[in-house]
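The values are calculated or read from the model by the stated rules, or taken from the named source; none is laboratory data. Remember, predicted model here, so these are calculated numbers, not experimental data. Every residue, glycine among them, receives a Cβ derived from its backbone with ideal geometry; neighbour counts consider all protein chains shown.
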């Protein structure tokens, strides 16, 4: 399996960036031309394969799917990595991602039972094992630079803490995460974990990561890698739970389902797009945003318009307070027939210069819903509070505000003939103040996290300055 950049000048990958293998892009992150890596083509899964996979344990299902994309790690080693990652002890249930019925054709896929209580653990735990395996095999070190709006950071740090050959430098928007999310990250005292609180919003953090990744000389000199979903390995790991959810919601592989996905950076729902392109029978992919509705605006109008820091709202579903969806480029690449030159124009020229691009007149956008199944909607603060209350009163189930966004928009696109699976984002206790506002009571807290906010914190505050971040990395590498 070979990989090409979304900005390659020709679909064959013979443009500015040569085709690469999985383990090369695992440690690289962004392509040198600023694009994102995708496989040359999506492997196709037949109905017979789906039936053969239906009864597999999650770890073995992960191996079967990942082995379609990873052929430069020996199969026995990849199987061992999957089995070491997806254990009942770590994820709290034998299903790893258990499905719960909410009646009337609605389901909730439980993705928040990992060590940091958020769906990011599902991919990040695998990524930690893959990084360590490949770095030991090469005898190299990797400096991971990441950006988080809440859950990616803690999931990455818990996955990488103590790992051989890895340092983590995680940027986050100062004061924009919940107190629990901050405490999860900043309380870690491991020598290989470094937290950088950036004065700005998440998009400022993400811009720093991209700027450092695009400085090819610095990137090579200091072995910079990424754990954000711009890293293909993280995204392909998320593909697995779409298959797992499908198998739990259906009896045969002729049935179709829809998925509703709370979305900000487009990584989670992009994994659903990949699963659908592989042949998983997905009817609709429902993109659910909060008040920062860049993605909803695109799927309604064809206009992709990023917002600046001052126009990015601070909301009660803060992990979605994102106005530049990094993974969106992968979908646009597919939407435009894998035309890398056009993608380079849109994302490399038009967005930086104009802050937007418009595909509304492109016939390929006009048929996007039929061809790719995407629909969208958004949720406001009042609406997510209502959804949290409604879900608790009807099902006795507490959901976090991001999952509430997904449930609200899912109901707007519900087809009685097609099961709708909502992807859970996090456990509600990570956003306790919003739960108290909605329900008048606090969510349960696992014993392991009692008093976490009072622990000593290890974090460096700095301005949104690329050179400052680079200098900090250099100092830690001495």
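Miscellaneous remarks
- Subset of the range 344-365 [under 27 Å from residue 290 (Cβ atoms) and assigned to a helix (DSSP H, G or I)]: 346, 347, 350, 351, 352, 354, 365
- Number of positions in the range 143-162 that are surrounded by 22 or more Cβ atoms within 10 Å (Cβ to Cβ) and not in a helix (DSSP H, G or I): 7
- The residues of the range 254-279 that are farther than 21 Å from residue 69 by Cβ, in contact with a strand residue (DSSP E or B) (Cβ under 8 Å, 6 or more places away or on another chain) and either at pLDDT below 95 or in a helix (DSSP H, G or I) (or both), listed by number, are 263, 264.
- Test: residue in the range 186-203 that is in a helix (DSSP H, G or I) and either without any contact (Cβ under 8 Å) to a residue 40 or more places away in the chain or touching a helix residue (DSSP H, G or I) at 6+ places or on another chain (Cβ under 6 Å) (or both): no
- Verdict on residue 251 being without any contact (Cβ under 8 Å) to a residue 60 or more places away in the chain, surrounded by fewer than 21 Cβ atoms within 10 Å (Cβ to Cβ) and either on the phi > 0 side of the Ramachandran plot or not in a loop (DSSP other than H, G, I, E, B) (or both): no
- Taking the listed residues 393, 424, the one that is within 27 Å of residue 100 (Cβ to Cβ), surrounded by fewer than 16 Cβ atoms within 10 Å (Cβ to Cβ) and either at pLDDT 95 or above or touching a helix residue (DSSP H, G or I) at 6+ places or on another chain (Cβ under 6 Å) (or both) is 393, with no other qualifying.
- Any chance residue 373 is touching a residue at least 24 places away in the same chain (Cβ under 8 Å), surrounded by fewer than 23 Cβ atoms within 10 Å (Cβ to Cβ), touching a strand residue (DSSP E or B) at 6+ places or on another chain (Cβ under 8 Å) and closer than 28 Å to residue 425 by Cα: yes
- Residue, farthest from residue 300 (Cα to Cα), within the range 371-382, restricted to residues that are under 24 Å from the mean Cα position of the chain (by Cα) and part of a helix (DSSP H, G or I): 381
- Note on the range 84-96: residues that are within 14 Å of residue 63 (Cα to Cα) and surrounded by fewer than 16 Cβ atoms within 10 Å (Cβ to Cβ) total 2.
- Helices (runs of 4 or more DSSP H) (entirely within the range 393-478) containing at least 3 residues that are in contact (Cβ under 8 Å) with a residue 40 or more places away in the chain and within 24 Å of the chain's Cα centre (by Cα): 401-412, 432-439
- Residues that are at pLDDT below 95, loosely packed, with under 15 Cβ neighbours inside 10 Å and touching a helix residue (DSSP H, G or I) at 6+ places or on another chain (Cβ under 7 Å) do occur in the range 439-452.
- When residue 107 is tested against the conditions (1) buried (at least 19 other Cβ atoms within 10 Å of the Cβ); (2) farther than 18 Å from residue 122 by Cβ, the lone failure is (2).
- In the range 42-66, the residues that are over 19 Å from residue 256 (Cβ atoms) form Cβ pairs under 7 Å with partners that are part of a loop (DSSP other than H, G, I, E, B), at six or more places apart or across chains, as follows: 43/68; 58/86; 58/95; 58/96; 58/97; 59/86; 62/86; 64/56.
- Residue in the range 217-231 that is within 18 Å of residue 425 (Cβ to Cβ) and out of contact with any strand residue (DSSP E or B) (no Cβ under 6 Å at 6 or more places or on another chain) present: yes
- The range 296-311: number of residues that are under 21 Å from residue 346 (Cβ atoms) and either part of a loop (DSSP other than H, G, I, E, B) or in contact with a helix residue (DSSP H, G or I) (Cβ under 7 Å, 6 or more places away or on another chain) (or both): 7
- For residue 359, the criteria (1) crowded, with 16+ Cβ neighbours inside 10 Å; (2) within 26 Å of residue 373 (Cβ to Cβ); (3) under 23 Å from the mean Cα position of the chain (by Cα) hold in every case but one, which is (3).
- Some residue of the range 169-176 being surrounded by fewer than 20 Cβ atoms within 10 Å (Cβ to Cβ), out of contact with any strand residue (DSSP E or B) (no Cβ under 9 Å at 6 or more places or on another chain) and modelled with pLDDT under 95: no
- Residue 212 falls short on exactly one of the conditions (1) modelled with pLDDT of 90 or more; (2) assigned to a loop (DSSP other than H, G, I, E, B); (3) over 24 Å from residue 429 (Cβ atoms), and that condition is (2).
- Verdict on residue 357 being at pLDDT 95 or above and farther than 24 Å from residue 259 by Cβ: yes
- Residue within the range 336-351 that is buried (at least 18 other Cβ atoms within 10 Å of the Cβ) and under 20 Å from the mean Cα position of the chain (by Cα) present: yes
- If you filter the range 297-331 down to residues that are at pLDDT 95 or above and within 17 Å of the chain's Cα centre (by Cα), you find that the one that is nearest to residue 180 (Cα to Cα) is 328.
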